[in-house]
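Have a look at the structure below, then the notes.
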Amino acid sequence: MHLVLLGPPGAGKGTQAKRLAEKLSLPHISTGDILRQNVKTGSVLGSQAKGIMDKGLLVSDDLVAAMLDERFNNPDIKKGFILDGYPRTLSQAETLDEILSRKGLAVDLVVYLNTSDEVIIKRLTGRLVCSKCGANFHALNMPPKVIGLCDNCQSVLYQRTDDNEITVRKRLEVYKNEVASLIKYYNQQRKLHSLNADLDALEVLEQITLLCAKV
Ligand code: AMP
């Protein structure tokens with residue numbers, strides 16, 4: 001299963017990808033997570049990307065494509081993968097097809113998580129992320145059992161620097177400028193399925209699982 005999750009920031013791509021990855025025993029590949037890891041370790045890539053990410057803009061296609069290409073060299077993708085945060089532009093979708101076809105692979109299914117702006121702003125400005133396992137919580141809707149600590153591994157929770165309202169609105173604007181061409185691209189390939197991601201996360205997971213079973 002080579003699955004792409006599409007949708008605005010805050011649609012729940014990361015949450016769904018993590019749960020699906022466990023359920024289907026597939027690697028979860030998030031370009032945002034790989035970039036944040038690079039920022040954390042202070043790599044050259046991370047220092048180039050940090051300012052752009054904090055403004056809610058897109059890191060250059062070349063940088064992200066090189067990073068993804070390298071990730072796809074990991075043999076774990078032979079089982080398949082769940083891709084979250086890539087592609088974000090038509091050009092990235094074409095690059096993805098090129099990278100995969102060089103490996104004799106192709107995208108099987110694209111699930112579009114459709115979400116309203118108000119839900120996104122509420123979700124993201126309250127989001128808390130575990131610094132170790134990446135689990136997500138919400139300050140109001142899904143608070144951790146102990147304030148500031150992850151329920152799963154007890155590590156410290158943090159708020160992403162780009163999860164403030166101004167940057168979230170910018171990320172949404174960037175997303176909206178690009179998404180129509182992606183939807184068209186995957187519709188033409190008959191790979192796109194749209195879901196209402198304002199619904200409860202478990203219900204959305206169930207629906208994605210059903211779509212995967214049909215592939
Ligand atoms: P995410 O974790 O997917 O919300 O991504 C966080 C930030 O990382 C985005 O706002 C971008 O600055 C950067 N980023 C992640 N994926 C990509 C991508 N495919 N292309 C360009 N920038 C990206």
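The values are calculated or read from the model by the stated rules, or taken from the named source; none is laboratory data. Remember, predicted model here, so these are calculated numbers, not experimental data. Counting neighbours? That spans all protein chains shown, and the Cβs are built from the backbone with ideal geometry, glycine included.
Just to be sure, is Tyr175 of a type in the set (Phe, Trp, Tyr) and at pLDDT below 95? Lay out the reasoning, then the answer.
Numbers: of a type in the set (Phe, Trp, Tyr): yes; at pLDDT below 95: yes.
Here the answer is yes, as Tyr175 does meet what is asked.
For the stretch 108-163, name all the residues that are β-branched (Val, Ile, Thr) and under 20 Å from Glu203 (Cα atoms). Walk me through how you get there before you give the answer.
At the first step, the residues of the stretch 108-163 found to be β-branched (Val, Ile, Thr) are 110-111, 115, 119-121, 125, 129, 146-147, 156, 161.
Those that are β-branched (Val, Ile, Thr) and under 20 Å from Glu203 (Cα atoms): Val110, Val111, Thr115, Val119, Ile120.
Can you pull out every residue in the stretch 185-214 that is farther than 30 Å from Met142 by Cα and either under 16 Å from the mean Cα position of the chain (by Cα) or loosely packed, with under 12 Cβ neighbours inside 10 Å (or both)?
Gln188, Arg190, Lys214
Working carefully through the options Leu90, Leu26, find the one that is under 23 Å from Lys132 (Cβ atoms), more than 10 Å from the ligand (Cβ to nearest atom) and surrounded by fewer than 22 Cβ atoms within 10 Å (Cβ to Cβ). Full working, then the answer.
Numbers: Leu90 fails: under 23 Å from Lys132 (Cβ atoms).
Sole residue among the options that is under 23 Å from Lys132 (Cβ atoms), more than 10 Å from the ligand (Cβ to nearest atom) and surrounded by fewer than 22 Cβ atoms within 10 Å (Cβ to Cβ): Leu26.
A quick yes/no check of all residues on (1) without any contact (Cβ under 8 Å) to a residue 12 or more places away in the chain; (2) touching a Cys at 6+ places or on another chain (Cβ under 7 Å); (3) part of a helix (DSSP H, G or I); (4) acidic (Asp, Glu):
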position: Glu22; (1), (2), (3), (4): yes, no, yes, yes
position: Val39; (1), (2), (3), (4): no, no, yes, no
position: Gly51; (1), (2), (3), (4): yes, no, yes, no
position: Gly56; (1), (2), (3), (4): no, no, no, no
position: Leu63; (1), (2), (3), (4): no, no, yes, no
position: Asp76; (1), (2), (3), (4): no, no, yes, yes
position: Pro87; (1), (2), (3), (4): no, no, no, no
position: Ser101; (1), (2), (3), (4): yes, no, yes, no
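Check off (1) within 13 Å of the ligand (Cβ to nearest atom); (2) assigned to a helix (DSSP H, G or I) for Leu113 and give me the number that stays unchecked.
(2) is the only condition that Leu113 fails.
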